[in-house]
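Have a look at the structure below before the remarks.
The values are calculated or read from the model by the stated rules, or taken from the named source; none is laboratory data. Please read these numbers as outputs of a predicted model, since none were measured by experiment. Glycine also receives a Cβ, built like all others from the backbone with ideal geometry; neighbour counts cover every protein chain displayed.
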Amino acid sequence: MQNSIINMKKIVVGIGVLLCMLLWFSSCGTRMSESEQPVGTDLLKEEKELVEEGDNYIVVGISQVGSESDWRIACTESLRNTFTQENGYYLIFEDAQQKQENQLKALRDFILQEVDYIVLDPIVETGWDAVLQEARDAGIPVILMDRQVKVSDESLYTAWVGSDFRGQGVLAGSWLSDYLEEQGRGSERINIVTLQGTLDSTAQLGRTSGFASVMEQHDNWVMLERQDADFTQTKGQEVMEEFLKTYPDIDVVVSENDNMTFGAIEAIEAAGKTCGPDGDIIILSFDAGRAALQAMEEGEINADFECNPNLGPLVSEIIQKLEQGEETEKLQYIKETYFDTTMDLESLIEVRTY
Ligand code: AHR
């Protein structure tokens with residue numbers, strides 16, 4: 001079933017034609033027995049119904065980044081719950097396992113399969129011009145979600161929906177600034193390390209540059225090091241272990257997603273240090289999934305800046321508009337907030353859906 005319904009339709013039509021020819025040839029020679037006759041007829045009927053049924057679906061090929069984080073898993077769930085046959089979709093879902101080459105291949109397969117729409121969550125921002133041009137030449141609209149692309153011609157994709165990653169980074173920096181003031185540490189030297197997400201991904205670029213823009217206003221903030229930990233817990237832990245060996249006086253960890261944060265917390269505790277509001281190291285995280293809010297409730301994370309993974313319905317809304325021949329907004333930002341330990345975390349966790 002990994003081949004598109006379109007290919008399936010072609011195969012079914014082919015089989016149908018072959019069966020017709022077979023029936024015609026056999027009827028030219030000997031007459032079919034009565035018991036044989038309905039079998040062929042029924043088969044053809046069933047196949048015809050299948051083709052007609054396939055015609056009723058909107059075929060969507062989705063190229064997802066991977067399954068590197070809780071956020072990603074929640075995002076995939078949102079897509080799978082939205083692009084169902086009950087909702088009129090036929091979904092072809094490809095997990096790229098964090099490799100751009102897999103995404104390029106998936107997109108080219110979607111084009112060959114003549115899907116109706118391509119939905120792409122690009123792992124990194126660059127390297128998409130050629131394949132997007134191929135999709136355009138094939139007349140297939142491409143909708144981007146979550147991360148963005150840098151292309152020479154913005155009309156190579158139809159629309160994008162996702163987070164304001166730079167805004168999240170700015171919010172994290174401003175939150176830290178206010179917090180340090182409240183703690184009476186506003187003019188103290190503050191040593192910071194950053195666990196970065198996959199380099200050249202929009203989530204990394206935005207969060208890093210947003211936080212850096214606030215850093216520029218604080219001469220006393222020192223970025224000791226930034227390092228790529230690929231948005232995974234394992235790498236977050238490894239990189240944090242290295243940071244702790246190299247820098248004995250870390251005041252703040254900026255971790256560009258929750259899973260790297262979980263890894264960092266493990267490393268900090270294994271090194272005999274503590275984190276969170278009552279600890280040695282201030283932890284700022286991004287995503288704000290339920291597990292992170294629980295860690296915050298337990299006093300391990302200071303603040304978490306939300307990244308909403310419920311993108312399925314928003315992508316579907318865009319497709320439905322295009323189906324109706326309506327205009328769609330080129331860029332659409334999803335609504336997000338932040339959380340810290342001053343809030344009623346217990347009630348927030350209770351209603352958290354991801
Ligand atoms: O692109 C969104 C980011 O990618 C999320 O912050 C992270 O958890 C995911 O892996």
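Condition first: in a helix (DSSP H, G or I), touching a residue at least 24 places away in the same chain (Cβ under 8 Å) and under 20 Å from the mean Cα position of the chain (by Cα). Now tell me which residues in segment 314-354 satisfy that.
Scanning segment 314-354 gives Leu314, Val315, Ser316, Ile318, Ile319.
Condition first: away from the ligand (no atom under 12 Å from the Cβ), touching an Asp or Glu at 6+ places or on another chain (Cβ under 6 Å) and in the same structural domain as Ile282 (by TED's automatic domain parsing). Can you find one or more residues in segment 209-232 that meet it?
no
For segment 66-115, which residues satisfy the criterion of being part of a helix (DSSP H, G or I), among the acidic types (Asp, Glu) and either more than 19 Å from Thr353 (Cβ to Cβ) or within 13 Å of the ligand (Cβ to nearest atom) (or both)?
Asp70, Glu101, Asp109, listed by residue number.
When you go through (1) in a loop (DSSP other than H, G, I, E, B); (2) within 30 Å of Leu244 (Cβ to Cβ); (3) more than 12 Å from the ligand (Cβ to nearest atom) one by one for Val170, which number turns out not to apply?
Single failed check for Val170: (1).
Take the residues in segment 123-146 that are on the phi > 0 side of the Ramachandran plot and in contact with a Leu (Cβ under 9 Å, 6 or more places away or on another chain); name whichever of them is surrounded by the most Cβ atoms within 10 Å (Cβ to Cβ).
Asp146
Of everything in segment 233-277 that's within 15 Å of the ligand (Cβ to nearest atom) and of a type in the set (Asp, Glu), which residue is surrounded by the fewest Cβ atoms within 10 Å (Cβ to Cβ)?
So, considering only residues that are within 15 Å of the ligand (Cβ to nearest atom) and of a type in the set (Asp, Glu), the one surrounded by the fewest Cβ atoms within 10 Å (Cβ to Cβ) is Asp258.
Cβ-Cβ below 7 Å, separation at least six or inter-chain, first residue in segment 180-204 and touching a residue at least 40 places away in the same chain (Cβ under 8 Å) and closer than 18 Å to Glu216 by Cα, second charged (D, E, K, R) and surrounded by fewer than 17 Cβ atoms within 10 Å (Cβ to Cβ): which pairs?
Sorted first by the residue in segment 180-204, then by its partner, the pairs are Asn191/Asp249; Val193/Glu225.
Scanning segment 326-345 for residues that are closer than 18 Å to Ala292 by Cβ and touching an Asp or Glu at 6+ places or on another chain (Cβ under 7 Å), which turns out surrounded by the most Cβ atoms within 10 Å (Cβ to Cβ)?
Phe339
For segment 150-162, give me each residue that is in contact with a Leu (Cβ under 9 Å, 6 or more places away or on another chain) and either among the polar types (S, T, N, Q) or away from the ligand (no atom under 15 Å from the Cβ) (or both).
The answer is Val151, Asp153, Leu156, Tyr157, Thr158, Ala159.
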